[in-house]
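Trainee: Provided herewith is a single structure, encoded as structure tokens, for subsequent inquiry.
The values are calculated or read from the model by the stated rules, or taken from the named source; none is laboratory data. Note that this is a predicted model, so its numbers are computed, not measured. Here the Cβ positions follow ideal geometry from the backbone for every residue, glycine too, while neighbour counts run over all protein chains shown. Note: accessible area is taken over every heavy atom of the protein model, side chains too, but ligands, DNA and RNA are not part of it. Shrake-Rupley method; radii C 1.70, N 1.55, O 1.52, S 1.80 Å.
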Amino acid sequence: ETRATKPLVDALFEQHHDVHIILTCHTPTGRAAGQELFQQYLSDGRMTQVYVPYDLNPLLNRFFATFAPTDVWVMETEVWPNMIAQCVRRNIPISLINGRLSDKTLRQTQKWPKLMGNAYAGFTRVCAQTETDAQRYQQIGVVSEQLHVTGNLKFDMTIPSEQVEKGERVKTLLADKRIVMLASSREGEEALWLDAVRQYAQAHPQEAATIQWWVVPRHPQRFNEVAQLLQNSGKSVLRTSEWSAQLSDESLKQADIVLGDTMGEMFTYYAIADVVLMGGTWLPYGGQNFLEPMALGKPVIVGESIYNFEQIGLDALEKGVLWQAPNIPAGLALMDEKIVSIAKESGDLRIQKISCFVQSECGAVEHLNRVLL
């Protein structure tokens, strides 16, 4: 969500030079992303970064008294009843932007009709990603005067060219390897992935010999835990933080598994990958952002849990620019059966087709500008 705000924040500062933004986050990962993305704004005083308070009125009273916001923008699913009620009482416009509502969340929300109905009624604007999301918001009482369909900000991402260039330089060191990456993995998925890698190596020893396996956990607090899991596998493991600090290029080439454990370099990792298995989709986490590797034209395989990106995922699957498998072993089989053959037959065309899908869905910033600014 923090990364998704980048193009909208840039547009806001471009149009309103005297605005000040209080950027809130829930986790250390979000905080690190904010510091990386908005370093210039944080250093020149146009932005302040703090953790969002728990949805308790004494804490919210202190927050609003300290920062006195004139507008509040809430990203995607962070619908906190007390915070919304505070904005209503204080006559502060509050908007839900990049809003998404899965069928699962809709059913959960409908179990608390009074509490959540009042919460959604308090929004000045609800800016939904898709028509499907908008229809679900209407089912919980959002009225047409509040509702706007503005698209998905995650399509309007800014691709950091310096990261892509760095990844491409690393890729040249591994020219004789096929890089298969488990990206933004969540707890429990790395163990499933390791088992699948073992099965794949046993069933396809020749193909496996050409692959270097990469894994990039979603949360930095899990880096050491995942490193220990990988080391227990008996494979030679290299951490990117160690290689970039002191090890040789040869150490990178010889590693069986590479653990991406540096922050703020996802596009570097995606530029290195030949195929991406998207984390958060192999267990019921709802999926991480598969649009980022797709923006670089990378073939992406997802599991069955993609409800965080439901409509986008369905559209991408239908258009043949995203692939889905029921589990990781099936995903690796799919990689060999379809994606690799497609890549060999029409590499440039495939890249163009995938990246064009992402580009064709851009425009959320322009829509939100008209609604919010």
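Trainee: Report the full-extension gain for the segment E36 to Q254: residue separation times 0.36 nm, less the Cα-Cα distance, to one decimal in nm. All intermediate terms of the calculation are to be shown ahead of the outcome.
Mentor: Details: separation 218, 0.36 × 218 = 78.48 nm, distance 3.10 nm.
Here the segment from E36 to Q254 would lengthen by 75.4 nm.
Trainee: Please give the contour-minus-distance gain from E187 to Q139: 0.36 nm per residue of separation, less the Cα-Cα distance, rounded to one decimal in nm.
Mentor: Details: separation 48, 0.36 × 48 = 17.28 nm, distance 3.32 nm.
Roughly 14.0 nm would be gained on extension.
Trainee: Give me Rg/Rg_expected for region 219-343, where Rg uses Cα atoms only and Rg_expected = 2.2 N^0.38 Å with N residues.
Mentor: Values: Rg = 15.5 Å, N = 125, 2.2 N^0.38 = 13.8 Å.
Normalised by 2.2 N^0.38 Å, the Cα Rg of region 219-343 equals 1.12.
Trainee: Short version: what are the Cα gyration tensor semi-axes of region 261-319, square root of 5 times each eigenvalue, largest first, in whole Å?
Mentor: On the way: eigenvalues 74, 38, 17 Å².
Semi-axes, largest first: 19, 14, 9 Å.
Trainee: Right, something else. Counting Lys and Arg as +1 and Asp and Glu as -1, each charge on the Cβ, what is the dipole of region 66-194 about the Cα centre in debye, to the nearest 20? Before the final figure, lay out each step's value.
Mentor: On the way: 16 positive and 15 negative charges, 73 e Å.
With only Lys, Arg, Asp and Glu charged at Cβ, the dipole is about 340 debye.
Trainee: Given N residues in region 211-264, what is its alpha carbon radius of gyration divided by 2.2 N^0.38 Å?
Mentor: Values: Rg = 10.5 Å, N = 54, 2.2 N^0.38 = 10.0 Å.
Here the Cα radius of gyration is 1.05 times the empirical estimate.
Trainee: State the Kirkwood hydrodynamic radius of the chain in Å, one decimal place, computed from all pairs of distinct Cα atoms.
Mentor: Values: mean 1/r = 0.0454 Å⁻¹.
It works out to 22.0 Å.
Trainee: With every protein chain present, what accessible area does S144 have (1.4 Å probe, heavy atoms only), rounded to the nearest 10 Å²?
Mentor: Counting only protein heavy atoms, the figure is 80 Å².
Trainee: Now, a different point. Say R0 is 30 Å: what FRET efficiency, to the nearest 0.05, do R90 and L283 get from their beta-carbon distance?
Mentor: On the way: r = 40 Å, r/R0 = 1.34.
With R0 = 30 Å, the Cβ-Cβ based efficiency is 0.15.
Trainee: To the nearest 20 debye, what charge dipole does region 148-274 have about its Cα centre, counting +1 at the Cβ of each Lys and Arg and -1 at the Cβ of each Asp and Glu?
Mentor: Working: 13 positive and 18 negative charges, 21 e Å.
In total the dipole reaches around 100 debye.
Trainee: Taking 7 Å along the Cα-to-C-beta vector as the label spot, tell me the R222-D176 distance in nanometres, rounded to one decimal.
Mentor: So the label points at R222 and D176 sit 3.4 nm apart.
Trainee: Same structure again: Once you've got the GNM for the chain with C-alpha springs shorter than 10 Å, pick whichever of P69, P220, P329 has the biggest mean-square fluctuation.
Mentor: Between P69, P220, P329, it is P69 that shows the largest mean-square fluctuation.
Trainee: May I ask you to list the lysines whose Cα is less than 27 Å away from that of K298, ignoring any residue fewer than eight positions away on the same chain?
Mentor: Filter leaves K6, K154, K166, K171, K177, K235, K253, K319, K338, K344, K353.
Trainee: Would you kindly give the portion of the calculated P(r) for region 126-212 that falls above 16 Å, as a percent of all Cα pairs? Could you put the intermediate results ahead of the total?
Mentor: Working: 2724 of 3741 pairs.
Above the 16 Å cut-off, region 126-212 has 73 percent of its Cα pairs.
Trainee: Shifting gears a bit: Over the chain, with a Gaussian network built from C-alpha contacts below 10 Å, which listed residue (E304, E265, E242) shows the highest mean-square fluctuation?
Mentor: Taking springs between Cα atoms under 10 Å, the residue moving most is E242.
Trainee: Could you pull the Cα extents of region 45-122 along its three principal axes, largest to smallest, in whole Å?
Mentor: Computed over region 45-122, the largest-to-smallest principal extents equal 41, 23, 20 Å.
Trainee: Report, for the chain, the % of DSSP beta bridges that are antiparallel, rounded to 5.
Mentor: Details: 0 of 36 bridges.
Of those bridges, close to 0 percent are antiparallel.
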